[in-house]
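**Student:** After the structure tokens below, expect a handful of questions from me.
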Ligand code: MN
């Protein structure tokens with residue numbers, strides 16, 4: 001049973017009943033969720049800018065994505081259709097429920113890994129925005145077991161620890177490494193716990209924060225910190241920020257994220 005072959009007379013309630021009777025109903029067979037209505041123009045503009053900035057700063061390339069919770073409904077989130085982040089415009093933004101089903105895709109395709117976002121929003125009510133990337137300096141830390149730790153005050157948000165997600169522990173040794181369903185998304189979110197950033201072995205990373213601007217800050221400086229740490233490890237044994245220094249620095253920096261945001265936005269949008 002799927003949406004396209006269900007009798008027209010079955011109706012919404014009937015479809016739900018039919019869906020409940022079928023185990024592992026594919027996402028494309030579900031009844032689309034209701035819209036929370038339009039998000040604010042300011043939120044959409046920030047989401048478009050975040051896409052452009054993350055590309056301009058070398059965090060995303062043709063791959064990677066950034067999402068934000070809908071500003072009038074915490075059970076919806078906003079994410080571009082499947083496309084290169086640097087090319088995203090307002091018209092490309094789709095609304096999803098927390099099961100990562102699009103409200104009205106209009107034939108547009110979704111990112112395979114949208115479950116990273118929906119499943120994390122389910123378990124972290126404090127998280128308002130999420131970046132997933134394959135930013136290159138970070139991945140070696142995911143692949144070697146060398147811990148990513150705060151090198152300087154700007155990356156104090158890393159001070160609570162940076163876990164590494166091992167997909168084999170959840171899905172065995174023969175996946176394509178992608179978080180392509182809800183159970184993998186849930187496992188990733190569980191591995192993140194209360195932290196701000198998680199690395200994904202053989203893949204990339206996820207950053208979470210309380211706003212789009214905060215999460216862009218974290219995604220950019222996670223990559224910068226990884227570059228610095230790799231350099232420092234060539235020279236000797238780095239002295240990292242301790243937990244107290246990192247927490248104090250993160251608190252200070254959280255009040256300052258607008259400063260780099262305005263700079264990055266002008267640069268990235270100017271190239272648009
Ligand atoms: Mn990915």
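The values are calculated or read from the model by the stated rules, or taken from the named source; none is laboratory data. The model shown is predicted, which means the values in this text are computed figures rather than measured ones. Cβ: placed from backbone, ideal geometry, glycine included. Neighbour counts: every protein chain shown.
**Student:** For the range 37-57, which residues satisfy the criterion of being away from the ligand (no atom under 16 Å from the Cβ) and in contact (Cβ under 8 Å) with a residue 60 or more places away in the chain?
**Tutor:** 43, 46, 47, 49, 50, 52, 53, 56, 57, listed by residue number.
**Student:** Between 172, 156, 185, which is out of contact with any strand residue (DSSP E or B) (no Cβ under 7 Å at 6 or more places or on another chain), within 14 Å of the ligand (Cβ to nearest atom) and farther than 10 Å from residue 200 by Cα?
**Tutor:** 185
**Student:** Go through the range 141-197 residue by residue and tally those that are under 21 Å from residue 227 (Cα atoms) and touching a helix residue (DSSP H, G or I) at 6+ places or on another chain (Cβ under 8 Å).
**Tutor:** Final tally of qualifying residues: 23.
**Student:** Give the residue, chosen from 104, 126, 91, that is surrounded by fewer than 16 Cβ atoms within 10 Å (Cβ to Cβ) and closer than 18 Å to residue 45 by Cα.
**Tutor:** Just a single option satisfies the conditions, and that option is 91.
**Student:** A follow-up question, please. Is at least one residue of the range 201-210 surrounded by fewer than 20 Cβ atoms within 10 Å (Cβ to Cβ), within 22 Å of residue 99 (Cβ to Cβ), modelled with pLDDT of 95 or more and more than 15 Å from the ligand (Cβ to nearest atom)?
**Tutor:** No, the range 201-210 has no match at all.
**Student:** May I ask you to say which residue of 121, 96, 111 is assigned to a strand (DSSP E or B), under 19 Å from residue 32 (Cβ atoms) and either away from the ligand (no atom under 16 Å from the Cβ) or at pLDDT 95 or above (or both)?
**Tutor:** Just one listed residue meets the conditions, 96.
**Student:** Further, regarding this structure: Could you grab me the full set of residues in the range 124-133 that are in contact with a helix residue (DSSP H, G or I) (Cβ under 8 Å, 6 or more places away or on another chain), more than 18 Å from residue 182 (Cβ to Cβ) and away from the ligand (no atom under 16 Å from the Cβ)?
**Tutor:** Within the range 124-133, 128, 129 qualify.
**Student:** Please tell me if residue 136 is within 16 Å of the ligand (Cβ to nearest atom) and either exposed (fewer than 15 other Cβ atoms within 10 Å of the Cβ) or farther than 25 Å from residue 70 by Cα (or both).
**Tutor:** Taking the combined requirement at face value, the residue satisfies it.
**Student:** Which condition number in (1) free of Cβ contacts under 8 Å to residues at least 60 places away in the same chain; (2) under 28 Å from residue 254 (Cα atoms) is the one that residue 186 fails?
**Tutor:** (1)
**Student:** Further question: Going by the structure shown, is residue 262 touching a residue at least 40 places away in the same chain (Cβ under 8 Å) and surrounded by fewer than 20 Cβ atoms within 10 Å (Cβ to Cβ)?
**Tutor:** Judged against the criteria, residue 262 is not a match.
**Student:** Let me ask something else. Against the definition (part of a strand (DSSP E or B), closer than 23 Å to residue 201 by Cβ and within 16 Å of the ligand (Cβ to nearest atom)), how does residue 116 come out, yes or no?
**Tutor:** For residue 116, the condition - part of a strand (DSSP E or B), closer than 23 Å to residue 201 by Cβ and within 16 Å of the ligand (Cβ to nearest atom) - is not met.
**Student:** If you don't mind, another one. So which of 268, 226, 246, 191 ends up being within 15 Å of residue 133 (Cα to Cα), buried (at least 18 other Cβ atoms within 10 Å of the Cβ) and touching a residue at least 12 places away in the same chain (Cβ under 8 Å)?
**Tutor:** Only one candidate qualifies: 226.
**Student:** Could you list, in sequence order, the residues of the range 70-81 that are away from the ligand (no atom under 16 Å from the Cβ) and either outside any loop (DSSP other than H, G, I, E, B) or free of Cβ contacts under 8 Å to residues at least 12 places away in the same chain (or both)?
**Tutor:** Once the filter is applied, which keeps residues that are away from the ligand (no atom under 16 Å from the Cβ) and either outside any loop (DSSP other than H, G, I, E, B) or free of Cβ contacts under 8 Å to residues at least 12 places away in the same chain (or both), the range 70-81 yields 76, 77, 78.
**Student:** Restrict the check to the range 61-69 and report whether at least one residue is under 19 Å from residue 217 (Cβ atoms), within 16 Å of the ligand (Cβ to nearest atom), part of a loop (DSSP other than H, G, I, E, B) and under 14 Å from the mean Cα position of the chain (by Cα).
**Tutor:** Checked against the condition, which is being under 19 Å from residue 217 (Cβ atoms), within 16 Å of the ligand (Cβ to nearest atom), part of a loop (DSSP other than H, G, I, E, B) and under 14 Å from the mean Cα position of the chain (by Cα), the range 61-69 yields at least one hit.
**Student:** Let me ask something additional. In the range 82-93, what residues are away from the ligand (no atom under 16 Å from the Cβ) and more than 20 Å from residue 220 (Cβ to Cβ)?
**Tutor:** Answer for the range 82-93, where residues must be away from the ligand (no atom under 16 Å from the Cβ) and more than 20 Å from residue 220 (Cβ to Cβ): 89, 90, 91, 92, 93.
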